[in-house]
Structure formats: C-alpha cells, structure tokens
Amino acid sequence: MKNAKCKKCGKPAVVKFRTYRISLCEACLPAFYESLVERSVKRHRILRENERVLVAVSGGKDSVALASTLKNLASKLNLSLEIIHINLGIGEYSEKSEEVVRELAEMLEIPLQVEHLSDFGFTIPAVRMRKVCSACGTAKRYLMNRYARLHRFDVVATGHTCDDFAAFALKNIAGGNLEWLLKFQPRAESFAEGVVTKVRPLFERTEEENLLYVKAKKLPFLADKCPFSPPKDEWKEIVREIERKKAGFMRNFVRGIAKIAAESGESVASVKYCKICGEIASSDVCAFCKLRLRSVVAGSENEMRRCTGYFM
Ligand code: AMP
Ligand code: FES
Ligand code: ZN
C-alpha cells in the first residue's frame, strides 16, 4: 500500500479492494463495505421493506459482519431484527462463541435468543457419526427454521460468503450435480408450509472483506476454528487461487450462477412432515430427529422417551 491514498478522504490508505479497484483508509472502509452490501440487497431483492429478520450469528467474522450491516440497513428498509445463536455444546469453543455473540448483541442493541442443542437431548460431540460437520449443519438449519417459524419471522439471514458459494458451485459443477447447484440463491423463498425463507446478504462479499470490515469497526468476533472443522477446504483454496490471478472472479462467478439458478426456477421434491416433531422432512422422520435418537446415551430408556416425546 506504498503511498496509496484513500479514494474517499485522501489520507494514507491501508487496504485495497481489488475487485473494485479502490484503496481506502480504515475510517472510510466500513461505510464503503456497507454500501456494497446495500447494493447487493437491492439489486438481488434479498430483503424487502418491513420484514422481520432472524439473524443467525455464530460469533465468527462473517456472521458478525452480517449482523452489523443489517443493523445499518434496518432503518433504511424498516427491518426488525433479532439475533439467534445456537450453542452446540462443543466445550470451550461454544462457550467463547456464545460470549462473543452476547457482547455483539448488546453493542448493536439487537435482541438475542440463544438456543442450546443440549435442551434437545444431545450435543455435537455426542453425535456418533463420521461426518460430524454435516450433522451439525442439520442441527443448525433445523433449530434456526424452527425458531423462525414459531416466532413468525419472515426470513432467516445467514452470513454465507462469496467464498462459500464459489467453492460450493465449483464443486457441484465438477461433480455434475446440477440439482444442488440450482439451490444456489441469495434469497431462497419458502417452498412449503413451515419452511421460512432464507437470505444470504453477504453472498457477494469475500471473507477477506468481512475480516477487514469487522476489524475496522472493532466488532467482537471469535477467530478460533471449531475443533471439528477439517484442517483445510481445498475447494475454497482453489477459488481463492483463481481470485488472486483474476480479481473479481469469485463475485462474477457467484452472480452468474445465481442468475442461472433464478432463471431455471426451483424444482421442489414432494414435501413430508416429521412424524415425531412436525418439521419438514424428506422421509417419515426428519434428519434432526434421526440424529437426536441415535445420539442419546445408549441404553438410557428414560432419555430416549424424553427425546421422542419432546415435541409431542
Ligand atoms: P457455517 O455453516 O458454519 O459455514 O455457517 C454459515 C452461517 O450459518 C453463518 O454465517 C451463520 O450465519 C450461521 N451459523 C453458523 N453457526 C451458527 C451458530 N452456532 N449459531 C447461529 N448461527 C450460526
Ligand atoms: Fe459444527 Fe464445528 S461448528 S461441527
Ligand atoms: Zn423431526
């Protein structure tokens, strides 16, 4: 950043947003970042005026950036916000995450709901499966949708990033998996009763940009990685490598895929509802209830009864 000047105020710049060919100082960065998110939200109609938004915050940089930018947008679009944090019971990692989210919610003056997975009969370390992360994804999606549905939110917002989408898209193209690729929407409308609309306002923002933003705004966030996350994500490494050579690649790629997905319309498989809990399912029992049943302490009949009877 030698001798570069901030495009907004002329002071020495500290970062360059290569996709936008703009250098900025730390003081001007947050407003620029927020204007980019606002542009995405309006251009792709991700959020509509007067919506009640449940913001899913893990405590990591991306969802912290999401909560802060939505706070900024709330007065412009007359949104009402509430944060949901899911405590997954992963020891110190979950304790620290919850602490960070509590601090953030207080700072941004947004009401907070913390859901504990243990209240549903199990925790992530108790899941007896090889792919713990995929079980964790099932649990998070379920609890977010359930809370949003019960409390009549219009949408659930998550901090999925441009890196997430680009890696997901490339992986599915490489695997010829078009059905999954077409699920790729910055705003995925509800397709059945009981399914709340999902929005991803940061789908054009890279993780690098999110980190610069939360640091410039001095927002609390947790940099620790979940102990169950894989050591590296090779698809993300690949898309970032292309980005290094072709600035703007990731954003253009995800925009293109989202356009194709929107034009092809969504194919909806037949919808069922779980016989145990009543939430949406692809078979008689939903993925969350299956997880819950196989994760309760083996042989503990009372626990099993408590679990199956939980929602009855
Ligand atoms: P991940 O699936 O961990 O990549 O997270 C994607 C998005 O899901 C995050 O940006 C958050 O919006 C949301 N999320 C992940 N973990 C949690 C959590 N423990 N509590 C609430 N929201 C979460
Ligand atoms: Fe879900 Fe790590 S946060 S397995
Ligand atoms: Zn169920």
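The values are calculated or read from the model by the stated rules, or taken from the named source; none is laboratory data. Everything numeric here is computed off the predicted structure, so don't read it as measured data. Glycine also receives a Cβ, built like all others from the backbone with ideal geometry; neighbour counts cover every protein chain displayed.
Within region 223-241, the set of residues being touching a residue at least 40 places away in the same chain (Cβ under 8 Å) and in a loop (DSSP other than H, G, I, E, B) comprises Ala223, Asp224, Cys226, Pro227, Phe228, Ser229, Pro230, Asp233. Hey, Phe165 hits all of (1) aromatic (Phe, Trp, Tyr); (2) part of a loop (DSSP other than H, G, I, E, B); (3) surrounded by 20 or more Cβ atoms within 10 Å (Cβ to Cβ) but one; which does it fall short on? Condition (2) is where Phe165 drops out.
Scanning region 139-181 for residues that are β-branched (Val, Ile, Thr) and at pLDDT below 95 yields a count of 1. For region 66-107, filtered to residues that are outside any helix (DSSP H, G or I) and out of contact with any strand residue (DSSP E or B) (no Cβ under 9 Å at 6 or more places or on another chain), the residue that is nearest to ligand 1 (Cβ to nearest atom) is Ile90. Hey, among the residues in region 126-138 that are within 14 Å of ligand 1 (Cβ to nearest atom) and without any contact (Cβ under 8 Å) to a residue 40 or more places away in the chain, which one's surrounded by the fewest Cβ atoms within 10 Å (Cβ to Cβ)? Among them, the one singled out is Lys131.
Under 7 Å between Cβ atoms, at least 6 apart or on separate chains: pull out the pairs that start in region 54-71 with a residue that is within 15 Å of Arg200 (Cβ to Cβ) and end on any residue that is more than 7 Å from ligand 1 (Cβ to nearest atom) and among the hydroxyl-bearing types (Ser, Thr, Tyr). Final answer for the pair search is Leu54/Tyr147; Asp62/Thr161; Ala65/Tyr213.
Restricting attention to region 85-113 and to residues that are over 16 Å from the mean Cα position of the chain (by Cα) and of a type in the set (A, V, I, L, M), the residue that is surrounded by the fewest Cβ atoms within 10 Å (Cβ to Cβ) turns out to be Met107. For His160, the conditions (1) in contact with a helix residue (DSSP H, G or I) (Cβ under 8 Å, 6 or more places away or on another chain); (2) within 11 Å of ligand 1 (Cβ to nearest atom); (3) in a helix (DSSP H, G or I); (4) of a type outside the set (Phe, Trp, Tyr) all hold with the exception of (3). The single condition among (1) at pLDDT below 95; (2) acidic (Asp, Glu); (3) more than 16 Å from ligand 1 (Cβ to nearest atom); (4) under 30 Å from Leu170 (Cβ atoms) that Glu303 does not satisfy is (4).
If the condition is being β-branched (Val, Ile, Thr) and closer than 13 Å to Thr69 by Cα, then region 22-52 contributes Val37, Val41.
Scanning region 156-179 for residues that are of a type in the set (A, V, I, L, M, F, W, C) and over 17 Å from the mean Cα position of the chain (by Cα) yields Leu170, Ile173, Ala174, Leu178. Applying the set (1) of a type in the set (Ser, Thr, Tyr); (2) in contact with a Cys (Cβ under 9 Å, 6 or more places away or on another chain); (3) closer than 24 Å to Glu189 by Cβ to Ser23 leaves exactly one unmet item: (3). It is to be established whether one or more residues within region 185-201 are of a type in the set (S, T, N, Q) and within 16 Å of ligand 2 (Cβ to nearest atom). No, because not a single residue in region 185-201 is of a type in the set (S, T, N, Q) and within 16 Å of ligand 2 (Cβ to nearest atom). Of note, Ser118 does not satisfy the criterion of being in contact with a strand residue (DSSP E or B) (Cβ under 7 Å, 6 or more places away or on another chain) and surrounded by fewer than 20 Cβ atoms within 10 Å (Cβ to Cβ).
Here is a yes/no grid of residues against (1) under 23 Å from Gly278 (Cβ atoms); (2) within 16 Å of ligand 3 (Cβ to nearest atom); (3) among the hydroxyl-bearing types (Ser, Thr, Tyr):
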| residue | (1), (2), (3) |
| --- | --- |
| Val132 | no, no, no |
| Lys140 | yes, yes, no |
| Met144 | yes, yes, no |
| Tyr147 | yes, yes, yes |
| Arg152 | yes, no, no |
| Ala157 | no, no, no |
| Ala166 | no, no, no |
| Asn172 | no, no, no |
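Every residue in region 6-37 that is at pLDDT 95 or above, buried (at least 17 other Cβ atoms within 10 Å of the Cβ) and in a helix (DSSP H, G or I), please. If the condition is that a residue be at pLDDT 95 or above, buried (at least 17 other Cβ atoms within 10 Å of the Cβ) and in a helix (DSSP H, G or I), then Leu29, Pro30, Phe32, Tyr33, Glu34, Leu36, Val37 are the ones that fit.
Among the residues of region 247-282, those that are in contact with a helix residue (DSSP H, G or I) (Cβ under 9 Å, 6 or more places away or on another chain) and either acidic (Asp, Glu) or in a loop (DSSP other than H, G, I, E, B) (or both) comprise Ala247, Gly248, Ser267, Cys274, Lys275, Ile276, Cys277, Glu279.
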